Amino acid sequence: TNIFPLYAAPLLSLFMFACVLQEAKCAFVVILMAVYWCTDCVPLAVTALLPIIFFPLMGIMKSEQVCLLYVNDASMLGLGGLVVAIAVEYWNLHKRLTLCILMLVGVRPALLMAGFMSIAAFLSMFISSIASVTMMLPIIHDVLEYCRKTEDAAKDWEQQQSAPTQENHAPLLPVELEPSPEEVFRAEQRMLRHQQNNLNLTKGMSLSMCYAASIGGTATLTGAIPNLLLKNQIDKLFPENGDVINYTSWFKFSFLNMLLMLATSYLWLHFMYWGFNVKKSFGCGTNGNSRQAAHQLMRTEYRKLGSFSFAEGCVVVLFLLLVVLWFTRDPGFMPGWAELLFNQERKSVLSLVAASHMFVLALPERPSLRAPKTLLSWGMVQKKLPWNLLLLLGGTFALARGIQTSGLSVSVVRALKPLQNIPPAALSFVLCIVVSMLTEICSNSMLSTILMPVLASMATTIGLHPLYLMVPPTICISFTFMFPVATPTNSITFTYTNLKIMDMVKPGFVLNILGILCTNLAIHTWGVAIFQLNEFPAWAKFNSSSTALPLTSVPPTVPL
């Protein structure tokens, strides 16, 4: 099945390769990489290396120029963040946090879903969403299983207590040994309803995990690959932007949007699987015995983690210190430490300093012979670090630079010229709809790489703030809710829970619409204040000649 796209894609688009125009040659590479990424006929990392092969052959860029794009500030930022995340996972800090919160919220369906979605979103802000979903799915399935077992045991005990016996009753009258057909039918209906309720509970809880992980990744600059790609594109296309996208500014905008999206998705999933039965949802649908047993299970799992160790404390301190330094580097409302001390050093320095300390801090005592002498060992990082992700990041950066250098972005902007007549608010909404549909079948990084230079060119051409057209689609690219193939977290949940395609399509379609609405509400309210979107920035006008069509009449301010 993989052979057909492997050879059909280059053969069908071969005429572009033979074309004299640089735009057509770059379009050949774009189509080839898009087909390979979508069909997964070769590994994603191998597809990401294609620009190194084709761009020098086509004369679009020199080989050394392409290769340098595979190691840059954004990729080093991701590398440092991944190493810190590996330390968090290795010392089970994520599991300790999860069990602590679950012991607080209990196992009532409404509160349990809220607790798990909050944990998944929070973890995905800083570590891999795949890791957070993989870690929490077995935990929540164990909790639900214990709820069912203890609830069934409690019902059996109640029936035994209420059943009449020979000792405390008068001689029993003759009774029917076999139940009537009506009683059998009612019993079967109760059993079917009970099974359906359990199935809905499992579906709702499982899907809420992968959805919350995707939503949580949008809150921080390092939480999702499209966020990093946007940052890289802004810095490459507009070098004089004054660091308009930094960790603090992105968090101030996206965190509120993440909370809004998380709340709306929680309400929709709650309504879809349990309706508005407040008593049943917040009263658990399980009795006190099952809640007590599930709570005991979580306490037992927490005890297995042991006491808080020295290594865990070191990882927590480094992790919190890294987050605090990220936020205070350039907070926006006051001069940051980077401006005062180091003349705006890149954030990759922070992540790499924190990551390097994981290999320096020695442990006073090793928990086992297999445990490393320091917080992390290089062998451990080699096994757990997703190296293909770094190549994927580099490939997207190289493809984006090729689109810009060859002039393909300008050609696409010319083709999209009719969209310039659409009002800005409607244009943002249309772009979000298109992106949210494409991201269900295309690689998030590939889609972001291709669209960001085009959207930047379109914005500068029509006189809009570039972030006005670039930020909403970047967030919507992460809203992959409908299909299992859209993102690895969906695939893991789909396989682990034995879902059907429609089990994910029905809630996912509505969540895509809610995500588009929330994102556009955010960009037109607090997004305008944070990024000053009602003015066309001087840095965009100054650099527009290299990223878009010539600007003939750009108004000083563009009302949104």
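What to note about this one:
- Of the residues making up the range 510-537, those that are under 17 Å from the mean Cα position of the chain (by Cα), closer than 23 Å to residue 201 by Cα and either loosely packed, with under 14 Cβ neighbours inside 10 Å or hydrophobic (A, V, I, L, M, F, W, C) (or both) are 511, 514.
- Test result for residue 502, surrounded by fewer than 22 Cβ atoms within 10 Å (Cβ to Cβ), of a type outside the set (Gly, Ala, Ser) and part of a helix (DSSP H, G or I): yes
- Restricting the range 462-485 to residues that are at pLDDT below 80 and part of a helix (DSSP H, G or I), the residue that is surrounded by the fewest Cβ atoms within 10 Å (Cβ to Cβ) is 485.
- Residue count, the range 52-64 (criterion: in a helix (DSSP H, G or I) and touching a residue at least 24 places away in the same chain (Cβ under 8 Å)): 4
- Some residue of the range 220-229 being of a type in the set (Val, Ile, Thr), open to solvent by 20 Å² or more (accessible area, probe 1.4 Å) and outside any helix (DSSP H, G or I): yes
- Count - residues of the range 475-509 that are touching a residue at least 60 places away in the same chain (Cβ under 8 Å) and farther than 19 Å from residue 261 by Cβ: 6
- Residues in the range 438-494 that are within 22 Å of residue 539 (Cβ to Cβ) and among the aromatic types (Phe, Trp, Tyr): 468 only.
- A single entry from 68, 57, 49, 44 fulfils the requirement of being at pLDDT 85 or above, farther than 21 Å from residue 237 by Cα and not small (Gly, Ala, Ser): 49.
The values are calculated or read from the model by the stated rules, or taken from the named source; none is laboratory data. Computed from a prediction, not measured in an experiment: that's the story for all the values here. With ideal geometry, Cβ positions are generated from the backbone for all residues, glycine too; neighbour counts draw on all protein chains shown. In case anyone asks, the SASA skips ligands and DNA or RNA and just uses the protein heavy atoms, side chains included. Shrake-Rupley method; radii C 1.70, N 1.55, O 1.52, S 1.80 Å.
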